[in-house]
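The values are calculated or read from the model by the stated rules, or taken from the named source; none is laboratory data. The shown structure was predicted, so the numbers you read here are calculated from the model rather than taken from an experiment. Virtual Cβ from ideal backbone geometry, glycine too; neighbours counted across all protein chains shown.
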Amino acid sequence: MSIYDNSVTQKNKKYPQEVPGLSLVIKRKITLVRHGVTEWNKMFRYQGITDVPLSPEGEEQAKKAALRLSCESVDRVISSPLGRSMKTASIIADTIGKKSVEAWDELREVDFGEWEGLTVPQIKERFGEDLFERWKSSQVDVTATNGENSDIVYKRAEACAEKILALKDEHVVVVGHGALFRALLLPLIKIPRGNVFWKMKMDNCSLSGIGVDRKNKAFIVFFNDTIHLRTKIDCIKDIPLPW
């Protein structure tokens, strides 16, 4: 063996898991589950902190998401305290054999203030097209009329990300909301605060997988997986998650 080959071998022994890009090893898993659909979702109304319940379709979606997760070993189920999220999380917990769901206030949906219950055309008509277009262009920097301040939303998302990453469980399921999840993802995987809000499609009862490596670095493994929602219910358990 040449001197060069021996040097490479020694380096490989010292850094056995070091590869270009991401680590090969996922030490911990975080599965984000957006809550099931509500009647307001179907009418494209902003619901925010308004406690709109799951529709019958949303409960069926939650059952399908739960079956998809039943093939996984899950240590903990966490949820936003709002009813539509807690109901989704409870269906998941019951299906996978967990006795309880932890409600985290940090996971509650963004308060959209006077936009709550309104459709986009109604928002534009009542509060001006300019404000809505600015919010659409930079959601982490613009606040809905009398809603939760965008800086407070982002700070809440940062605190929530830190709290999730501090957990030692091997697999945590986190159930919550579209807007808050889009804000949460940035500090969770250490993306600078910026306009990626509407560049992430996150459907109701979709599953998104975040891996955490041995250095506690989080990264996206899969995103907006909804195949279980388009599968016959008796076949869902046979579809593994793409970890």
Residue list for segment 76-85, filter: surrounded by 19 or more Cβ atoms within 10 Å (Cβ to Cβ) and either of a type in the set (Val, Ile, Thr) or assigned to a helix (DSSP H, G or I) (or both): Val77, Ile78, Arg84, Ser85
Failed condition for Lys29, given (1) part of a helix (DSSP H, G or I); (2) at pLDDT 65 or above: (1)
Extreme residue, nearest to the chain's Cα centre (by Cα), among residues of segment 100-157 that are of a type in the set (Phe, Trp, Tyr) and at pLDDT below 95: Tyr154
Residues of segment 226-242 satisfying the condition of being of a type in the set (D, E, K, R) and either buried (at least 16 other Cβ atoms within 10 Å of the Cβ) or over 27 Å from Lys168 (Cα atoms) (or both): Arg230, Lys232, Asp234, Asp238
Residue within segment 207-225 that is free of Cβ contacts under 8 Å to residues at least 60 places away in the same chain, assigned to a helix (DSSP H, G or I), out of contact with any helix residue (DSSP H, G or I) (no Cβ under 6 Å at 6 or more places or on another chain) and loosely packed, with under 15 Cβ neighbours inside 10 Å present: no
Filter result for Arg193 (under 20 Å from the mean Cα position of the chain (by Cα) and assigned to a loop (DSSP other than H, G, I, E, B)): yes
Sole residue being within 16 Å of His35 (Cα to Cα) and either in a loop (DSSP other than H, G, I, E, B) or within 16 Å of the chain's Cα centre (by Cα) (or both), chosen from Ala66, Ala93: Ala66
Answer residue from segment 164-206, given it is under 28 Å from Phe132 (Cβ atoms) and basic (Lys, Arg) and is surrounded by the fewest Cβ atoms within 10 Å (Cβ to Cβ) among those: Lys199
Cβ-Cβ under 6 Å pairs, at least 6 apart or on other chains, segment 44-59 side in contact (Cβ under 8 Å) with a residue 12 or more places away in the chain, far side aromatic (Phe, Trp, Tyr) and surrounded by fewer than 21 Cβ atoms within 10 Å (Cβ to Cβ): Gln47/Trp40; Val52/Trp40
Subset of segment 88-121 (residues that are buried (at least 23 other Cβ atoms within 10 Å of the Cβ) and polar (S, T, N, Q)): Thr88
